[in-house]
1. Pairs only if they're at least six apart or on different chains, beta carbon under 6 angstrom, first in segment 40-52 and closer than 8 Å to Glu29 by Cβ, second open to solvent by 30 Å² or more (accessible area, probe 1.4 Å) and of a type outside the set (S, T, N, Q); list them, first residue then second.
2. Among the residues of segment 17-35, write down those that are outside any loop (DSSP other than H, G, I, E, B) and either at pLDDT below 90 or of a type outside the set (A, V, I, L, M, F, W, C) (or both).
3. Which of the residues belonging to segment 1-21 are of a type outside the set (Gly, Ala, Ser), surrounded by fewer than 12 Cβ atoms within 10 Å (Cβ to Cβ) and closer than 18 Å to Tyr65 by Cβ?
4. Could you please let me know if Ala103 is open to solvent by 20 Å² or more (accessible area, probe 1.4 Å) and modelled with pLDDT under 90?
5. Residues Leu136, Leu160: which one is under 13 Å from Ala104 (Cα atoms) and either free of Cβ contacts under 8 Å to residues at least 24 places away in the same chain or buried (at least 20 other Cβ atoms within 10 Å of the Cβ) (or both)?
6. Checking the structure you have, find out if any residue of segment 113-123 is surrounded by 15 or more Cβ atoms within 10 Å (Cβ to Cβ), within 30 Å of Asp70 (Cβ to Cβ) and in contact (Cβ under 8 Å) with a residue 40 or more places away in the chain.
7. So which residues in segment 39-71 are open to solvent by 80 Å² or more (accessible area, probe 1.4 Å), of a type in the set (D, E, K, R) and not in a strand (DSSP E or B)?
8. For segment 165-179, check the following and say yes or no: at least one residue is modelled with pLDDT of 90 or more and surrounded by 15 or more Cβ atoms within 10 Å (Cβ to Cβ).
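The values are calculated or read from the model by the stated rules, or taken from the named source; none is laboratory data. Source: prediction; values computed, not measured. Heads up, the Cβs are rebuilt from the backbone with ideal geometry, glycines too, and the neighbour counts pull from every protein chain shown. Note: accessible area is taken over every heavy atom of the protein model, side chains too, but ligands, DNA and RNA are not part of it. Shrake-Rupley method; radii C 1.70, N 1.55, O 1.52, S 1.80 Å.
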Amino acid sequence: MAVTDEAIEKIKEMIVSGALRPGDRLPKESELAADLGLSRNSLREAVRALSLIRILDVRQGDGTYVTSLDPQLLLEALSFVVDFHRDDTVLEFLAVRRILEPAATAMAATRIADSQLEALTEQLEALGTAPSVEELVACDLEFHRGIVQASGNSVLCSLLDGLSGPTTRARIWRGLTQEDAVSRTLHEHRAILAALRDRDAEAARSWATVHVASVEQWLRSTL
């Protein structure tokens, strides 16, 4: 592992220093191994590891390339990791969402385009007043994804996308067991949308906090 780690670090240094840029093709395996003072086996293992976390793209018959290094691409690994969460860590994921999502919603309030507001409005109207729990949760995910995208911060988008998965089951269970969960969620969505429409960043932040905290409080009371 130490040899492979060294190989990973050397490739990383090449990318960070600019010797390899996004989209560049790596030299042939034999040449790169000799240049870096590595065995071909350790280099191969390093390339495999870096391709798993989307730093490198191995194209059969063509070569190995540095990816775009776009934050959304790199943070896909987060989604993979959080899939291994335990049920008792869901509250921790919600706590992180409660920090990040209100901040993203406040940012969106000052940047959201009219077309994005219209799309969010259409989503809520299409849902109606009595959606099923599954429909509501699916809409909830899309609604908040649209808001975070409007913040203009691709890193926040990717982080919150990765964090939303572990809390989906909790939101469905809440909808099935808490009497007013559906109506409350719809009310909170409308309040967030109204704050965005008013370009009121602090109101948007407050309602987004209430929205995430309500799921968090319910979950605490059931554990």
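1. From segment 40-52, the pairs are Arg40/Glu29.
2. Ser17, Arg25, Glu29, Ser30, Glu31, Asp35
3. Val16, Arg21
4. Criteria not met by Ala103.
5. Only one candidate passes the filter, namely Leu160.
6. Yes - at least one qualifying residue is present in segment 113-123.
7. Arg40, Arg44, Glu45, Arg48, Arg54, listed by residue number.
8. Scanning segment 165-179, I find no residue that is modelled with pLDDT of 90 or more and surrounded by 15 or more Cβ atoms within 10 Å (Cβ to Cβ), so the answer is no.
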